[in-house]
Amino acid sequence: MLGMRIASFGVAAVACALLSAPCLAQQPPNFVIIFADDLGYGDLGCYGNRHIRTPNLDRMAAEGLRLTSFYAQNVCGPSRAALLTGCYPIRVGEPGNTKGAHTILHPQETTIAEVLAAKGYVSGLVGKWHLAGPGAHERGPGTGPYKRELMPAQQGFDYFYGTPAHNGVTREPDPKRWKTELMRGHEVLESPTDLSLLTKRYTEEAIRFLRTHREQPFFLYLAHTMPHVPLGASSEFAGRSPRGLYGDVIEELDWSVGEVLAALRDLELDERTLVVFTSDNGPWIEGHLGDHGGSAAPLRGFKMSTWEGGLRVPGIFWWPGQIRPGQESDELASTLDLLPTFAAIAGAPLPGRRPLDGVNLWPWLSGRASESPRQDFLYFAFTHLQAVRDRRWKLVLPRPSDPPWSSWYGRMIDAVEAPELYDLHFDWSESRDVSEQRGDIVERLMGVVQRVRARLGDYDRIGSEVRFFDVGPRRPKMHAWKN
C-alpha cells in the first residue's frame, strides 16, 4: 500500500487542519468535477501511458493528489447517478419504481447541486447528462423530447449546456442509428451535433461559466462526452497523436483540463476551488471498436465488467494551498464520496433521512487523518452484486457468463465458477486466486456480502434500504427481478 506521504505543516496550516472545513477568508470554496467518459485507468501519462501526451493532467497530479484505488461504476448512466447522489445506483429511486440499465434519476432524488444550493451555490452542468432516459425520439434515434422533470434544471442545476444522452454505439458516427443533440437548457441547438467540436465547445462554455460566476460560490460539473465512441477531435488535435484518433481525443481532453485550470488561476479562484478529475468507468473494449478504445493497464477487465479495469479509474484531486502537492495514495476512495465531501467543506446539510453510501474524505484529503474513511467498495453490474473489496482483499462472487439479469451489457461479463479472492496490495491484475489459502478472509467477506444483500438487494431481491417514490409495484418482474 502506497499510503499518503505527509509533509510538515506550518502554523497556519495546522490551524486550518484542525477545522472541519478549509480556512478561506472570503466566500465559500468552489467545486469543479471534470468527468471523462470511458477513459481507461492506463490512458494518462501520470498513470503510466507512454504513447499519449497528457502534460496538463500530469501537472495537475504533480500539484495535487493522485489516487490509485479510486472507483466509479462499470457503465455510463449508473456512474453518473452514483456521482451525483452519493449512492450505489441500486439504491437510487427511478420513475415508476423500475430499474433501468442506464439509471433514470427520479425527480425526488437529491443531487450534489441541490445539496449545495442550500448554501447559496450556483451549479452548472456542461456536457453529458444521461440520466433522463431515452427520450421520445420524435426527431430520430437518440433524440428527445425529454421529460422536463428528468432534466438537469429539475435536479438542482441552474445552467445546462450539453447533450442529454450518450453519443452512439458505433465506431463511426451513424445518424441513422443515433443522433447526438446539443442543447442549452431545454432548447436543441444542433441535431446531430458535430462530435469533433464537442470537447472544444464544452471547454469554452465551462470557462464562460467560471467567468460569469466568479463572484459567487459555484459547482461546475464538466462531463465530457469523449472518449466514448464515436470519437471526435477538433482540427487542432486531429492527426497529432501516435496513438491515432483515440490519442488525439485524449490529448484534447488534456488541453481542456489545462484551459480550465488556467482560467481558475487567471480569475484568482485556484486557491478557492477544489477540482476533481476522473472517469465514469473503464475503457470500452469490443471487437467492432478496433483501436477506438482505451487501456486499463495494468488492470484486468474493461467497461461493463467488474474486474478492476471496469471500475477503477484515474482520480486526481487538486486544490492549491489546501491539498499538498506531490502526493499519491492507494487508499480507497470513490465518486460516491464526492457529495458528502463537498457538503462537509461547504457546511451544507446532507439529504435528510436518506442513507448515503459515500463518506466524507476531507479529513483525509486535508491531512488531518492518515487513512481514507472508506473501508470497502461494492462491485455491482446493473443490479447484480459481483464482488466486494476491503482495504486489501477483493472477493469475486460466482456468476454465469452473460447473466440474463445484467441487461444488454451482460455480454461483457464472464463466468466465475466459485468464489475467488485476490490480494489487491500485490496483485492488481487479479491473476492469482488465493481463496483456498485464505479461507478466513473469504468467510469474513461473505458476511459483508450477506449484509449488503439485505440492505441494498441483488438481482433477485429488493434491499431494505432501497428508495421507491411512486405508488404501485416495486420493480415489476423485468430484468429477472423477484417481488
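The values are calculated or read from the model by the stated rules, or taken from the named source; none is laboratory data. Because the structure is a prediction, the values reported are computed rather than measured. In this analysis, Cβ positions are derived from the backbone assuming ideal geometry, glycine residues included, and neighbour counts consider all displayed protein chains.
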Fill in: Filtered residue count, segment 319-367, keeping only those that are of a type in the set (K, R) and over 27 Å from G120 (Cα atoms)
1
Item to complete: Would you mind listing the strands (runs of 3 or more DSSP E) fully within segment 372-463 where at least 2 residues are closer than 26 Å to A81 by Cα?
Response: 377-381, 384-389, 393-396
Practice prompt. Go through (1) under 26 Å from Y379 (Cα atoms); (2) over 19 Å from the mean Cα position of the chain (by Cα) and name the single condition A62 misses.
Written response: (1)
Worksheet item: Looking at segment 443-461, is at least one residue within 26 Å of G42 (Cα to Cα) and modelled with pLDDT of 95 or more?
Response: no
Practice prompt. Can you give me the ranges of the strands (runs of 3 or more DSSP E) entirely in segment 173-292 with at least 2 residues that are β-branched (V, I, T)?
Written response: 273-279
Response to the item:
Considering segment 98-117, residues that are touching a helix residue (DSSP H, G or I) at 6+ places or on another chain (Cβ under 9 Å) and of a type in the set (A, V, I, L, M, F, W, C), and then whichever is modelled with the lowest pLDDT, we arrive at A101
Item to complete: Filter segment 402-420 for residues that are in contact with a helix residue (DSSP H, G or I) (Cβ under 8 Å, 6 or more places away or on another chain) and either closer than 23 Å to L67 by Cα or not aliphatic (A, V, I, L, M) (or both) and give the result.
Response: D402, P403, P404, G410, P419
Practice prompt. Could you check how many residues of segment 165-199 are within 21 Å of the chain's Cα centre (by Cα) and either farther than 20 Å from W284 by Cβ or among the hydrophobic types (A, V, I, L, M, F, W, C) (or both)?
Written response: 3
Worksheet item: Condition test on D330, is it of a type in the set (D, E), free of Cβ contacts under 8 Å to residues at least 24 places away in the same chain and either surrounded by fewer than 22 Cβ atoms within 10 Å (Cβ to Cβ) or touching an Asp or Glu at 6+ places or on another chain (Cβ under 8 Å) (or both)?
Response: no
Worksheet entry | Which listed residue, of G96, G156, G133, G100, is within 30 Å of R455 (Cβ to Cβ), touching a Ser or Thr at 6+ places or on another chain (Cβ under 7 Å), surrounded by fewer than 23 Cβ atoms within 10 Å (Cβ to Cβ) and in the same structural domain as P349 (by TED's automatic domain parsing) | G156
Discussion item. All but one of (1) under 30 Å from D433 (Cα atoms); (2) under 19 Å from the mean Cα position of the chain (by Cα); (3) not in a helix (DSSP H, G or I) hold for N360; state the number of the condition that does not hold.
Written reply: (1)
Worksheet item: For G127, all conditions in the list (1) surrounded by fewer than 23 Cβ atoms within 10 Å (Cβ to Cβ); (2) in contact with a Gly (Cβ under 8 Å, 6 or more places away or on another chain) hold save one; what is the number of the exception?
Response: (1)
Discussion item. Is it the case, given these coordinates, that E114 is farther than 30 Å from S366 by Cα, surrounded by fewer than 21 Cβ atoms within 10 Å (Cβ to Cβ) and charged (D, E, K, R)?
Written reply: no
Worksheet item: Out of segment 37-90, which residues are among the basic types (K, R), touching a Gly at 6+ places or on another chain (Cβ under 8 Å) and under 25 Å from V359 (Cβ atoms)?
Response: R66
Response to the item:
Selection over segment 405-433 where residues are of a type in the set (S, T, N, Q) and more than 22 Å from the chain's Cα centre (by Cα) yields a count of 1
Discussion item. Take I345 and tell me if it is over 28 Å from E114 (Cβ atoms), crowded, with 21+ Cβ neighbours inside 10 Å and of a type in the set (A, V, I, L, M).
Written reply: no
Worksheet item: When you scan segment 360-377, how many residues do you find that are under 17 Å from L311 (Cβ atoms) and in contact with a helix residue (DSSP H, G or I) (Cβ under 6 Å, 6 or more places away or on another chain)?
Response: 1
Worksheet item: Regarding R300, is this residue farther than 25 Å from P29 by Cα and part of a loop (DSSP other than H, G, I, E, B)?
Response: yes
Fill in: Test result for H425, outside the structural domain of Q108 (by TED's automatic domain parsing) and surrounded by 19 or more Cβ atoms within 10 Å (Cβ to Cβ)
no
